[in-house]
1. Per residue, how large is the accessible surface of the range 139-202? Use a 1.4 angstrom probe and give square angstrom.
2. If the cut-off is a Cα-Cα distance under 28 Å, which lysines reach Lys75, setting aside same-chain residues fewer than 8 apart in sequence?
3. Less than 18 Å from a label point 7 Å out along the Cα-to-Cβ axis of Ala215: which backbone N atoms in the range 178-193 qualify, by residue?
4. Take the Cβ-Cβ distance between Gln275 and Glu35 as r, set R0 to 45 Å, and report the resulting FRET efficiency rounded to the nearest 0.05.
5. When the scattering of the range 146-304 is computed by the Debye formula from its Cα atoms alone, each counted once and equally, what is log10 I(q)/I(0) at q = 0.10, 0.14 Å⁻¹?
6. Taking R0 as 45 Å, what's the FRET efficiency between Ser116 and Glu69 from their Cβ-Cβ distance, rounded to 0.05?
7. Once label points are set 7 Å from the Cα along Cα→Cβ at both Thr189 and Ser136, what is their separation, rounded to one decimal in nm?
Amino acid sequence: MGFDITSNYAGEHAGQYIAAALKSATSLEYLTVLENVKTKRNITKVAGASLVADASCDFTDAGTLTLTERILDPKEFQINIDLCKKDLLADWQAAQMRSGAHNRDMSADFTAFVMSYISGTIADHVESNIWAGAPSTGGQFTGFMHAGNGTFENDAAIVEAANEGGAGTAFTSSNIIANLQNVIAAVPTAVYTKEDLYVYLSPKSYRDYISAISALSAFPFNHMGQYTPEFEGVKLAVCQGMVENKMVAAQKSNLFFGTDLLSDHAEIKMLDMAQLDGSDNVRVVCKYTAGVQHAQGGDIVRMD
């Protein structure tokens, strides 16, 4: 091979690989991402009342300022896998030949190549857990909408929008528009005009929406070219991991994803096992953290 497969990346260097994997989690495009949460991060909520008063020469206590906090506590995860070196090297060498890069020292390139095998696993894990993760299940973190344990479930301030067919009714092309209307109607007036307001829904629900509007003869969907998904002035965030038959209306700045890409919580090790046990395997260990939290529950609308 001409290079040592065994390598160890930690902190910022490992974070570069993990960050690349996380970019494949589509929901993160519509969340506020905090990349340096080492243990816990306080998400502070500020509420003020009667703070503004008429001008005067005196100092007068004009009202109250209440600070409350929610905790973003990313959970530690790891991926431990054995990969067959023979198969990996054959695929990798073919890729190098095609790119014309086979005459260089390739240890770093090979590490990146192996990471591509597990980056999809990291992205899928994060994407599904953002919305439906169950903290009591191994390998999962608390998601926004997990029944009974999600961050939304534990916040009584979250606004509930009525499902058009009753709680638990599946979304279809026949009821999706009415349900979107119910969600948007429940959005607080002060939030409705915010630039980063989205309605979060699954690909299947979005397909129901497209089917519904395509059936309207007055809607020229097929002639619009590039289409920005939106409904009644609110952008639609189509998220692969979103729970089916559920929707959320919230600001991107009110939903947080936290990880740590800088400290030793982010680590990647590759071990060539030939020198240790005589096998033809490469052992890969990947460690990272992930978690979600919201801030102002009263500014969030959900439909189950």
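The values are calculated or read from the model by the stated rules, or taken from the named source; none is laboratory data. Bear in mind that the values here come from a model prediction, so they are computed numbers and not experimental data. In this analysis, Cβ positions are derived from the backbone assuming ideal geometry, glycine residues included, and neighbour counts consider all displayed protein chains. Ligands, DNA and RNA are stripped out before the accessible areas are found, and what is left, the full protein with its side chains, is counted by its heavy atoms. Shrake-Rupley method; radii C 1.70, N 1.55, O 1.52, S 1.80 Å.
1. Accessible area per residue, the range 139-202: 44 Å².
2. By straight Cα distance, Lys75 reaches Lys23, Lys38, Lys40, Lys45, Lys246, Lys252, Lys269, Lys287.
3. It comes to 178-182, nothing else.
4. Taking R0 as 45 Å, the efficiency between Gln275 and Glu35 is 0.80.
5. Rounded to two decimals, the profile gives -0.50, -0.77.
6. E(calc), rounded to 0.05, equals 0.70.
7. Modelled inter-label distance: 4.2 nm.
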